1. Test V149 against the criterion of being surrounded by 13 or more Cβ atoms within 10 Å (Cβ to Cβ), among the hydrophobic types (A, V, I, L, M, F, W, C), within 27 Å of L13 (Cα to Cα) and in contact (Cβ under 8 Å) with a residue 60 or more places away in the chain, and give yes or no.
2. Mind listing just one residue for me: the one in the stretch 59-69 that is over 17 Å from S95 (Cβ atoms) and surrounded by fewer than 24 Cβ atoms within 10 Å (Cβ to Cβ) and, of those, modelled with the highest pLDDT?
3. Restricted to the stretch 1-24, and to residues that are within 20 Å of M253 (Cβ to Cβ) and open to solvent by less than 10 Å² (accessible area, probe 1.4 Å), which residue is modelled with the lowest pLDDT?
4. Could you list, in sequence order, the residues of the stretch 231-283 that are among the aromatic types (F, W, Y) and touching a helix residue (DSSP H, G or I) at 6+ places or on another chain (Cβ under 7 Å)?
5. Being out of contact with any His (no Cβ under 9 Å at 6 or more places or on another chain), of a type in the set (S, T, Y) and open to solvent by 30 Å² or more (accessible area, probe 1.4 Å) is true for just one of T33, T97. Which residue is that?
6. If a residue must be over 29 Å from A241 (Cα atoms) and either open to solvent by 70 Å² or more (accessible area, probe 1.4 Å) or in contact with an Asp or Glu (Cβ under 8 Å, 6 or more places away or on another chain) (or both), how many such residues does the stretch 366-391 contain?
7. Residues in the stretch 352-402 that are part of a helix (DSSP H, G or I) and either within 30 Å of A218 (Cα to Cα) or small (G, A, S) (or both): how many?
8. Identify the residue in the stretch 226-269 that is of a type in the set (V, I, T) and in a loop (DSSP other than H, G, I, E, B) and, among all such residues, is least open to solvent (accessible area, probe 1.4 Å).
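The values are calculated or read from the model by the stated rules, or taken from the named source; none is laboratory data. Here the structure is a predicted model, which is why all the values come from computation and not from measurement. Counting neighbours? That spans all protein chains shown, and the Cβs are built from the backbone with ideal geometry, glycine included. For the accessible areas, the whole protein counts, side chains as well, though only heavy atoms, and no ligand, DNA or RNA atoms are used. Shrake-Rupley method; radii C 1.70, N 1.55, O 1.52, S 1.80 Å.
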Amino acid sequence: MDAVQYANYLDILKKELIPAMGCTEPIAVAYATAKAAQVLGECPESIHIRCSGNIIKNAKGAAVPNSGGMKGINAAAVLGAVGGDASKELEVLESVTANDREKAAALLADGICTFALADTTEKIYIEAHVEKGIHSAVVVISETHTNIVRVLKDGQVLYDQLKNDGKSTEEERRELSVRGILEFADCVRMEDIRDIIGRQIRLNTAISQEGLEHPYGAQIGKTLENAWGGTVAARACARAAAGSDARMGGCSMPVVINSGSGNQGITVSMPVLVYAQEWDVPEEKLYRALVVSNLTAVHQKYYIGGLSAYCGAVCSACGVGAGITYMYGGDYSQVSAAIINTLGNVGGIICDGAKPSCAAKIASSVNAAIMAFHLSMENKSFLPGDGIVEEDVEQTIKAMGYIGRVGMRQTDQEILNVMTGWWDAGCS
């Protein structure tokens with residue numbers, strides 16, 4: 001692998017594997033209002049949020065961390081404005097206090113915050129408008145959860161950057177391939193990934209344990225651990241699900257995300273770690289396997305897009321299948337088969353927002369990835385022409401990406417219609 005490609009793959013890991021508290025969509029809303037309040041220079045007396053449908057979908061049902069159990073866009077927006085620290089970006093609510101929560105609850109009861117659907121084709125788009133007296137501030141986030149593209153104060157533009165300078169993250173991800181990912185995992189220097197991967201292991205293991213020990217959400221992880229017994233496959237599913245239980249249930253512990261999602265970051269890492277512990281894999285091999293798992297998930301998401309009707313747990317599960325197969329000694333064809341076998345099984349699970357049932361979708365996807373791993377190690381794979389399976393792994397990934405990005409576009413809108421109750425009039 002040449003130096004330019006090596007640097008590109010490493011840069012993707014650094015950009016994607018960052019810490020975040022709670023569901024990234026409501027946290028992005030809180031970040032926007034925290035930044036807007038900072039620009040305003042005082043706590044606002046009114047807040048209005050305009051955002052894309054996918055932000056609404058993912059922020060509707062997930063508990064806001066450090067909020068005392070509050071849910072939704074309004075709660076995230078007000079808490080961000082009252083007690084958020086914009087300098088911490090996706091950990092913006094880390095320093096929220098009991099007084100902040102009490103003040104936010106009172107302001108919510110007074111109805112100071114409203115939100116509406118923005119007229120935009122962007123999947124990630126948030127406008128935070130805040131006012132106090134005659135003064136106002138506006139912050140606009142677009143493309144990624146922390147990418148501020150416009151800032152205004154009292155109608156004057158302070159910052160305007162419609163696109164990032166230099167090579168975009170999307171352009172970098174376009175260069176990923178399964179073969180390239182395996183080559184990078186084989187040659188990457190441990191000193192380049194030790195902190196990145198080590199932080200992912202540490203934070204995601206902690207929130208997974210939290211989910212197993214306490215009654216968050218639907219308690220999918222705890223239930224699976226009790227019902228399925230102590231096999232390594234059962235533990236892998238349960239550990240991934242438990243992290244999501246805690247995160248969707250409002251746990252304030254940070255996770256290391258993947259492709260802008262904490263659930264995907266937990267999914268892509270915990271099963272690989274469980275298998276490494278079961279097989280007593282050396283640390284270096286584990287770290288390289290997690291590189292495979294993380295980058296495979298990112299590779300999938302490039303073709304699907306950041307937010308869509310396609311459940312990202314499937315992308316992360318493909319990473320799990322690839323990472324476990326690599327860690328077991330599988331070659332390129334076997335890693336490719338693990339990805340194809342996962343997509344041929346559970347590709348197309350719908351995303352109906354962030355909420356407790358995400359943990360169940362994670363468990364189902366990881367279970368499919370483990371099946372895919374076992375099939376691949378026996379050199380068994382779905383064949384071209386079997387449904388959406390194409391001639392090779394890259395074409396299959398692209399085909400599923402097309403289905404997720406284009407084919408499920410209307411599905412995405414109808415899911416939002418159902419979630420907001422707008423569909424009922426058409427069926428009565």
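1. Numbers: surrounded by 13 or more Cβ atoms within 10 Å (Cβ to Cβ): yes; among the hydrophobic types (A, V, I, L, M, F, W, C): yes; within 27 Å of L13 (Cα to Cα): yes; in contact (Cβ under 8 Å) with a residue 60 or more places away in the chain: no.
Here the answer is no, as V149 does not meet what is asked.
2. Here is the first cut: in the stretch 59-69, the ones over 17 Å from S95 (Cβ atoms) are 59-63, 69.
Now restrict to residues that are surrounded by fewer than 24 Cβ atoms within 10 Å (Cβ to Cβ): 60-61, 69.
Values: K60: 80, G61: 76, G69: 87.
Looking at residues that are over 17 Å from S95 (Cβ atoms) and surrounded by fewer than 24 Cβ atoms within 10 Å (Cβ to Cβ), I get G69.
3. Start the filter on the stretch 1-24 by keeping residues that are within 20 Å of M253 (Cβ to Cβ), which leaves 16-24.
Next cut, open to solvent by less than 10 Å² (accessible area, probe 1.4 Å) only: 17, 20-24.
Numbers: L17: 96, A20: 92, M21: 89, G22: 83, C23: 86, T24: 90.
Of everything passing the filter in the stretch 1-24, G22 is modelled with the lowest pLDDT.
4. At the first step, the residues of the stretch 231-283 found to be among the aromatic types (F, W, Y) are 275, 279.
Correct list: Y275 only.
5. On the way: T33 fails: open to solvent by 30 Å² or more (accessible area, probe 1.4 Å).
Answer to the check: T97.
6. Narrowing the stretch 366-391 to residues over 29 Å from A241 (Cα atoms): 383-386, 390-391.
Narrowing further to those that are either open to solvent by 70 Å² or more (accessible area, probe 1.4 Å) or in contact with an Asp or Glu (Cβ under 8 Å, 6 or more places away or on another chain) (or both): 383-384, 386, 390-391.
Total satisfying the criteria: 5.
7. Applying the first criterion (part of a helix (DSSP H, G or I)) to the stretch 352-402 yields 358-377, 393-402.
Narrowing the set further to residues that are either within 30 Å of A218 (Cα to Cα) or small (G, A, S) (or both) leaves 358-374, 376, 399-401.
Of the residues in that region, 21 qualify.
8. Taking the stretch 226-269 and keeping what is of a type in the set (V, I, T), we get 231-232, 255-257, 266-268.
Those still in the list that are in a loop (DSSP other than H, G, I, E, B) too: 231, 257.
On the way: T231: 79, I257: 5 Å².
Applying the filter and picking the extreme gives I257.
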